[in-house]
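Below you'll find the structure, written out as structure tokens, and then a few comments.
Each value in this text was obtained by applying a stated rule to the coordinates, not by laboratory testing. All values derive from a computational prediction rather than experimental measurement. Here the Cβ is made from the backbone with ideal geometry for all residues, glycine too, and neighbour counts use every protein chain on show.
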Amino acid sequence: MFDINPGLIIWTIMTFIVLASLLGKFAWRPMLQALQEREGKIRDALDLAEKARTEAAEMIRKNQENLARAEEEYQSMIREARSVAEKMKEEIVVKAQQQARLELSKAQDEIRRDLDAARLQLRSEVADLAIKAAEKILDESLDAAKQKKVVDAFIKQLPNN
Amino acid sequence: MRVLAPQHADSLATAPAPAAEGHGEAFNFAHLLDHVKDAHEIELPWIGHVELPHIPPVTVAGVTIDLSPTKHVVFLLLAAIVLAVWAVTAARSYRKNIVPRGMTNVLEAMVLFIRDEVALPNMGPAGLRYVPYLLTTFFFILVMNLLGLIPYGATSTGNIAVTAGLAVIAFIMIQVAAIRAQGLAQYLAHLTGGVHPVLWPIMVPIEVLGLFTKPFALCIRLFANMTGGHIVILSLLGLVFLFRSFAVGVGSVLFSVGISLLELLVAFIQAYVFTMLTSLFMGLGIEAGHVSEHQETGEHAH
């Protein structure tokens, strides 16, 4: 059992050499190459997935940035509009107040003018009435010119208003 | 003309019995060894014993070489054919589909294991060129081990001549890897152990002896493991014939089933150990080459 058969050693070595060269050419090299190719493919696929993931993350980040910017813009726009509106309101109010004041003074002027005119008319009417009354009272004792002089003097004695 | 003379077996046997008798009525320890031993005939189911052809031995330099095919030669070749068909079919299947299926998947798992867990850690990327050799070694030993576990099969790796042949190839590959990585001058310088020339007559034989002990250990380990398991199984079954008792029969059959399962494990483990140690020894030579290169470049830098 422990005797070594040299023939069997030669058989083993020959078989091994033939098998190793055969398998090396037709099995191991093509197989290892295929495995390496497949590993490369898997690595590429993983790299691609990783790239897509980072790209997507970048896109999300950009979108969020855009959204934030839009929000900010919208907020500033509202603020601006509000301030414009405020200013406009103030302007309108001021203008209206001015207008009102103007109208008021105009109205007061008119009233005063009307009053003056009315007072003037009243005065001349009163003069006429007085003349007529005096005429009636004096009954033709005085001529018209004399009468007028008398009345004018009388009116001048009257207070101005 | 028997190459492996059955003297050992006969001396252990209680009664000398002709080896060809096989399953005799009386239990004989020689019969156990006949199953493990090489023979010039094979057993086939339904056909029985088939005598293998004889080739006249040649004597070269005082060594008689008998190239007649024996039982172990038959199973050696059978293992080679099984492996070749399996591996070539698997390699071809990658052309159709890169996703492995069935037996290709089985092969691929082990191929990747040898490449990534055996070759790369022991030899580094420089060892990738030796992966085909390691794969052939691993699968050849594995298939031979497994053929011994099937009925009518024989374990070629349980023959010391077969493991010696594998060890010779491992020895050559270890030296080739070392010389390729270090260069012949560096390789020879390593054999002096880096000691003073006066000590070379002592150091060189020790180093040379060291080169041979590694493959020798590989040879003995594989042979002993593969033979040992079979002898345990046969001994357990032999108890049935020795005691002729039903209880012992049940017990020893159960035990031998357990040992058979262990043998299945051992078939894989021993193929792995042989491959792993070969790649380790090759890696030592390759690493020595790298170390000396680094030293040289370091010296140039100074």
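Quick notes on this structure:
- The mean sequence distance of close C-alpha pairs (under 8 Å, at least 6 residues apart), as a share of the length of chain B, puts its relative contact order at 20 percent.
- Built amide H within the under 5 Å cut-off of B:Ile65, gap 5+: B:Val58, B:Thr59, B:Val60
- The alpha carbon centroids of the range A:123-137 and the range B:94-130 are separated by 143 Å.
- Gyration tensor (alpha-carbon) shape descriptor, the range B:57-301, a/c threshold 1.5: prolate
- With Cα atoms, 0 to 90° folded angle of helix A:144-157 axis to chain A main axis: 50
- With at most 15 other Cβ atoms within 10 Å, longest stretch of chain B clear of loop trypsin sites (Lys or Arg not before Pro) (DSSP): B:102-243
- Cα gyration tensor shape for the range B:48-134, rounded if a/c is under 1.5, else prolate or oblate: oblate
- Per-selection metrics, chain A (Cα): Rg and Dmax in Å: 61.7, 194
- Summing charges over neighbours of A:Gln36, with a neighbour being any other residue whose Cβ is under 11 Å away from its Cβ, gives +3 when K and R count +1 and D and E count -1.
- Most mobile of B:Ala267, B:Ala189, B:Ala181 in a GNM of chain B (Cα contacts under 10 Å): B:Ala189
- Under a model in which nothing but the beta-carbon of Lys, Arg (+1) and Asp, Glu (-1) is charged, chain A shows a dipole of about 140 debye around its Cα centre.
- Taken about its Cα centre, chain B carries a charge dipole of about 620 debye when Lys and Arg each add +1 at the Cβ and Asp and Glu each add -1 at the Cβ.
- A straight Cα-to-Cα reach below 29 Å connects A:Lys132 with the lysines A:Lys146, A:Lys148, A:Lys149, A:Lys156, residues fewer than 8 places away in its own chain not being considered.
- Ellipticity at 222 nm from helices only: DSSP H runs of n ≥ 4 in chain A, each -39500 (n - 2.57), divided by the residue count, give -33000 deg cm²/dmol.
- Within the listed set A:Gln97, A:Gln108, A:Gln147, the residue fluctuating most in the Gaussian network model of chain A (springs between alpha-carbon atoms under 10 angstrom) is A:Gln147.
- Residues whose amide H comes within less than 5 Å of that of B:Glu41, counting only those at least five positions distant or on another chain, are B:Leu52, B:Lys71 (H built at 1.01 Å from N in the peptide plane).
- The helix-only estimate of mean residue ellipticity at 222 nm for chain B, built from DSSP H runs of length n ≥ 4 each weighted as -39500 (n - 2.57), is -23500 deg cm²/dmol after division by the residue total.
- Applying the criteria of a DSSP loop state and at most 16 other Cβ atoms within 10 Å to the GluC sites (Glu not before Pro) of the range A:80-161 yields A:Glu140.
- The Cβ shell under 12 Å around B:Thr89 holds other residues with a net charge of +4, Lys and Arg each +1, Asp and Glu each -1.
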